[in-house]
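Peer 1: The structure under discussion is supplied below as C-alpha cells; questions concerning it will follow.
The values are calculated or read from the model by the stated rules, or taken from the named source; none is laboratory data. All values reported here derive from a predicted model rather than from experimental measurement. Backbone-built Cβ (ideal geometry, glycine too); neighbour counts: all protein chains shown.
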C-alpha cells in the first residue's frame, strides 16, 4: 500500500527546480519547468506554486519524490483554482489515489482555500488507468493541452543513417531529397528579429491565418528557454528568405517540437522535414536526448479523419513516426463540490471570456 504527503518546495529546491523535475518518474515535462513558470506569471494572472509529493511504500520503486508545478489563479468568491499542467509525475498510475488523498489533507491542513485541482498528466489513455482515476474520485474534464495526443520518436541510436531508417518512408525520402537539392537549414539566434520572423511565420502557416497568442507571450517563452540553453530556433531559407521556422525545446533527455510556421510559396520540397531532422540530430549530438515529441496530433482514432482541425498537423508528424501516443487528458480533483459546480457552470466561462477580451490571450 502506497501513501503520500504533499508540501511546498523549499527555496533551495525551487532554485534547482529543473534538476528536480527532470529527475521525476518519466523524466519531466517542459511545461513543468522553471522557464514555463516564469512565462505564465508574465501578466497572465497566474501564480506559480511548487509542490513536492513524497511517496512511501514497501518497495524501492514506491519510495520517491515527485516535483510538480501548479499554476494558481484567485477566483472571486470561490477561492483558489489549481492547474497542475502536465502533472503529476507518478512512478505508477496506481499511485493516483495516494496523490489525491495527500492533496486533500494538504489543502485542508494549510487552509489554502483551493476548491478544485485540474491535472493533466502524461499517463497513457487506457481502460485500466481510467478506472484508477475514477476510483480515486477524479472527474473527467475537457483536455487543454495540444499534446494530449502526440507522436513521439524514440531515439535508440546515435548513428544518423540508422536513425533515418527508423523514420517513415515519406519523411525519410523528403529529408534526403531536400538535402540532395541543397535546401539551406540553419540554427539561428534568439534575437528579437528572428523571434519576430518566427512569429510572423506562425501567424500564416502555409498561407492560412492562425489565431495565436500575442508576440510578447512567445517572446517571453522563447527567451526563457533559450537563455537556459533549453530552446533553439531553426529556419529553412529560400533566396536568403526564411520560409520555414521551428522552435524546439530540450528538457532533460526529451526534445520537443514546440512551435512552427511556414510560408505557402517559395518552398522547397522537404524543407520542413529537413528542419526537423536538423533539430533532432543536433539535440542528440549535444544533449543525448532519448526521445523527440512532435507535440500534438489528432487522437489515434481520428488520425485519418480529414475533417479534424489537426489533420494536416498529424499528416506531417506521422510521416516521421506512425504510432500515436494518447494520454489520459485532463481531470479534476474536486475539493469543494458546490464551488466547483459554480466554477464549471458559469465562473470559468465568464473569466475566460473576460480574459480573452482584455488581453487577446488564451485563459490557460
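Peer 1: Please verify whether the range 45-56 includes one or more residues that are buried (at least 16 other Cβ atoms within 10 Å of the Cβ), modelled with pLDDT under 95 and closer than 25 Å to residue 341 by Cα.
Peer 2: Pass one, the range 45-56, residues buried (at least 16 other Cβ atoms within 10 Å of the Cβ): 45-46, 48-53, 55.
Going one step further and asking which of them are modelled with pLDDT under 95, we end up with 45-46.
With closer than 25 Å to residue 341 by Cα added as a condition, the list becomes 45-46.
Yes - at least one qualifying residue is present in the range 45-56.
Peer 1: Moving on. Could we say that residue 320 is surrounded by 13 or more Cβ atoms within 10 Å (Cβ to Cβ) and in the same structural domain as residue 131 (by TED's automatic domain parsing) here? Walk me through it before giving the result.
Peer 2: Working: surrounded by 13 or more Cβ atoms within 10 Å (Cβ to Cβ): yes; in the same structural domain as residue 131 (by TED's automatic domain parsing): no.
No; evaluated as a whole, the condition is false for this residue.
Peer 1: Out of (1) without any contact (Cβ under 8 Å) to a residue 40 or more places away in the chain; (2) over 30 Å from residue 111 (Cα atoms), what's the single condition that is false for residue 326?
Peer 2: The failed condition is (1).
Peer 1: Which helices (runs of 4 or more DSSP H) sit wholly inside the range 124-236 and have at least 1 residues that are free of Cβ contacts under 8 Å to residues at least 60 places away in the same chain and assigned by TED's automatic domain parsing to the domain that holds residue 247?
Peer 2: Numbers: elements: 127-135, 160-166, 169-180, 192-203, 215-227.
Where helices (runs of 4 or more DSSP H) fall fully within the range 124-236 and carry at least 1 residues being free of Cβ contacts under 8 Å to residues at least 60 places away in the same chain and assigned by TED's automatic domain parsing to the domain that holds residue 247, they are 160-166, 169-180, 192-203, 215-227.
Peer 1: Could we say that residue 271 is more than 30 Å from residue 21 (Cα to Cα), in the same structural domain as residue 160 (by TED's automatic domain parsing) and touching a helix residue (DSSP H, G or I) at 6+ places or on another chain (Cβ under 6 Å) here?
Peer 2: In short, yes.
Peer 1: Which one of these does residue 300 not meet: (1) more than 19 Å from the chain's Cα centre (by Cα); (2) in contact (Cβ under 8 Å) with a residue 40 or more places away in the chain?
Peer 2: For residue 300, the exception is condition (1).
Peer 1: Would you please list the contacts, defined by Cβ atoms under 6 Å and residues six or more apart or on different chains, that run from a residue in the range 60-82 that is on the phi > 0 side of the Ramachandran plot to a residue that is surrounded by 15 or more Cβ atoms within 10 Å (Cβ to Cβ)?
Peer 2: Pairs found: 79/115.
Peer 1: Going through the range 74-101 one residue at a time, which ones are at pLDDT below 95 and surrounded by fewer than 17 Cβ atoms within 10 Å (Cβ to Cβ)?
Peer 2: Those that are at pLDDT below 95 and surrounded by fewer than 17 Cβ atoms within 10 Å (Cβ to Cβ): 74, 76, 77.
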